[in-house]
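These notes concern the structure reproduced below.
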Amino acid sequence: LLSRLPLEDQDHLALDSFFTQRAVLWQQVLTDGGPVHVFCTHLNATLAEVPYGGAFESWEAEQAHQADQLLAWMEDRTGGAQDRILLGDMNSGPAMPPELTGEAEEVFAKLTDAGLTAPYLALDAPPCTWCADNPLTGSEDSHVIDHVLLDGAPADAAAEVRRIVTETISVEGVDGPEEIPLSDHYGVSVTVGL
């Protein structure tokens, strides 16, 4: 979490995780409009190629549990205040045919059912953030799994919403130079007036 505005209280929560440790970061950002609670996380993915051996019955069940832990901790940290922003790789998102396939849609629904809104998904035909045409993913499907979620503001309250980190770099491949994306994920940028 980086901020041009002053930060005060901070904390983190280690989420229950089997394969890779996952956590949530929290900072209170001091704005002219009052404090805003900012949370950042990376929920586990549903890994088809890795057998699940954790405390839950599946990758999906563990991810749902992580979302429950996250939401309860957000409530605990903020005392129910609605000036909250949650951002990160949720490894979940809704289907938006024909371009976007859903990923862990039940987990994403937990977040939106808790009152979080997704300005990026309010765009007309939002571009994928985990994309089949990105050679670094190896995916056959395209999803929006990276999010900036707002609580206390409608999805259309954002002044600017766009996909970022779409540049490519030239690398020396086996067959000579090739252009590849900077990351297997494209980013989401949301500008919100506070």
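The values are calculated or read from the model by the stated rules, or taken from the named source; none is laboratory data. Note that the coordinates shown come from a computational prediction; the quantities given were computed from them, not determined experimentally. Here the Cβ positions follow ideal geometry from the backbone for every residue, glycine too, while neighbour counts run over all protein chains shown. Areas reflect the complete protein model, heavy atoms only, side chains present, ligands, DNA and RNA absent. Shrake-Rupley method; radii C 1.70, N 1.55, O 1.52, S 1.80 Å.
Going by the structure shown, is GLY138 under 27 Å from ASP16 (Cβ atoms), open to solvent by 40 Å² or more (accessible area, probe 1.4 Å) and over 17 Å from the mean Cα position of the chain (by Cα)? No: the conditions fail for GLY138. Taking the criterion of being in a loop (DSSP other than H, G, I, E, B) and open to solvent by 60 Å² or more (accessible area, probe 1.4 Å), the residues of region 162-173 that qualify are THR166, GLU167. Annotation for region 28-43: at least one member residue is touching a residue at least 40 places away in the same chain (Cβ under 8 Å) and within 19 Å of THR137 (Cα to Cα). Candidates in region 174-194 are the residues that are within 15 Å of the chain's Cα centre (by Cα) and in a strand (DSSP E or B); of these, the one that is surrounded by the fewest Cβ atoms within 10 Å (Cβ to Cβ) is SER189.
Among residues of region 181-194 that are closer than 16 Å to VAL38 by Cβ, those with a Cβ under 7 angstrom from a residue that is at pLDDT below 95 and open to solvent by 40 Å² or more (accessible area, probe 1.4 Å), sequence gap 6+ or separate chain, pair up as THR191/ALA159; THR191/GLU160; VAL192/ALA157; VAL192/ALA159; GLY193/ALA159; LEU194/GLY33.
Go through region 90-132 residue by residue and tally those that are part of a loop (DSSP other than H, G, I, E, B) and open to solvent by 40 Å² or more (accessible area, probe 1.4 Å).
First, pick out the residues of region 90-132 that are part of a loop (DSSP other than H, G, I, E, B): 90-92, 94-95, 97-99, 101-102, 104, 114-116, 118, 123-129, 131-132.
Now drop any that are not open to solvent by 40 Å² or more (accessible area, probe 1.4 Å), which leaves 95, 97-99, 101, 114, 123-125, 127, 132.
Total satisfying the criteria: 11.
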